[in-house]
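Computed from the coordinates by the stated procedures, all read-outs in this text should not be read as laboratory data. These numbers were taken from a predicted model, which means no experiment stands behind them. A quick note on method: Cβ atoms are made from the backbone with ideal geometry, for glycine too, and the neighbour counts reach across all protein chains shown.
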Amino acid sequence: MNKDKMILRTPFLERACHWLMVLCFIAVALSGLSWFFPSFNGLNAVFGTPQLARILHPFFGVAVFLALVFLFIRFVNYNLPEPEDKQWFTHLDRVISARHDKPLHIGKYNPGQKLLFWGIMGLISLLLLSGVVIWRPYFAPLFSIPVIRVGLFVHALAGLSLILLVIGHAYLAFWVKGSIRGMVTGYVTRNWAKQHHDRWYRQLNAKQRKARGPK
Ligand code: HEM
């Protein structure tokens, strides 16, 4: 890989955090799903035994939350709404058919990724709050039975929604060729950046020119 022709998109710490969090998320999601129907029970083998799954599921859930807090701090600035985002929504047909002939003024993350970012952050917060309410034997005794019932309902609903959101996120990551490589190696090609995040690309170039100074 010739790094001169590539652009650093995601630094090492953020990538390591993302992929470690993905491993924890898979274990938490599979063990969580295992309690929905008896026919799903086998999924809790992800933690070895059903007893271990019951004990470790909440701790791994907290690990996912903490990793997402770190990613939130690192990425929130790039996921705030901007006036240029309107262009992406009004030209969704061009986004879906991958027509990059005219610029869409997309920043580091596109408005779809921004919505997903806030969806993930909102749902993980709900999962943590409802998870604490239903966490036996530590916190659940502090709450009344009706509150625990509401906690269980919210937790199940938020968990299923997050799993669906993540499936969509992973599908789109594979759909946009070059994204996965960016999240694995950290680097994307200049062409990829120009095509998918044109405004971010222009901003990076302007920064590089400024750093080089006048010739
Ligand atoms: C196998 C599953 C997954 C794959 C293949 C995947 C892939 C990716 C890729 C390629 C990016 C970089 C996108 C870009 O540079 O434009 C990314 C970013 C991100 N991913 Fe994942 N991911 C997966 C699972 C997850 C999970 C489980 C979560 C959290 C619950 C998550 C949260 C995020 C966040 C917060 C970002 C930053 C996006 C932003 O700031 O808008 N990912 N992911």
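Among all lysine pairs in the chain that are eight or more places apart or on different chains, how many have alpha carbons less than 18 angstrom apart?
Qualifying lysine pairs in the chain: 15.
Tell me the angle of helix 198-212 to the major Cα principal axis of the chain, expressed in degrees between 0 and 90 and rounded to the nearest ten.
60
With the dipole of the chain worked out from charges on the C-beta (+1 for Lys and Arg, -1 for Asp and Glu) around the Cα centre, which of Thr10, Trp192, Pro50 lies farthest toward the positive end?
It is Trp192, whose Cα lies furthest towards the positive end.
Just going by the charge dipole of region 83-194, with Lys and Arg at +1 and Asp and Glu at -1 on Cβ, which of Phe89, Val166, Met183 is farthest out on the positive end?
So the residue we want is Met183.
Label Ser97 and Val147 with points 7 Å out from Cα along Cα→Cβ: what is the distance between them in nm?
5.5
Quick one: dipole size for the chain, taken about the Cα centre, charges +1 on Lys/Arg Cβ and -1 on Asp/Glu Cβ, in debye to the nearest 20.
1100
Given only helices, namely DSSP H runs of n ≥ 4 each adding -39500 (n - 2.57), what is the per-residue ellipticity at 222 nm of the chain, to the nearest 500 deg cm²/dmol?
One gets -22000 deg cm²/dmol as the mean residue ellipticity at 222 nm.
Quote to one decimal, in nm, the extra length available between Leu157 and Phe12 on full extension: 0.36 nm per residue of separation minus the C-alpha distance between them.
Difference between extended and current length: 48.9 nm.
Would you please state which residues of region 81-97 a label at Ala206 would reach in this model, taking the label point 7 Å out along Cα→Cβ and a backbone N cut-off of under 20 Å?
Answer for this model: 81-88.
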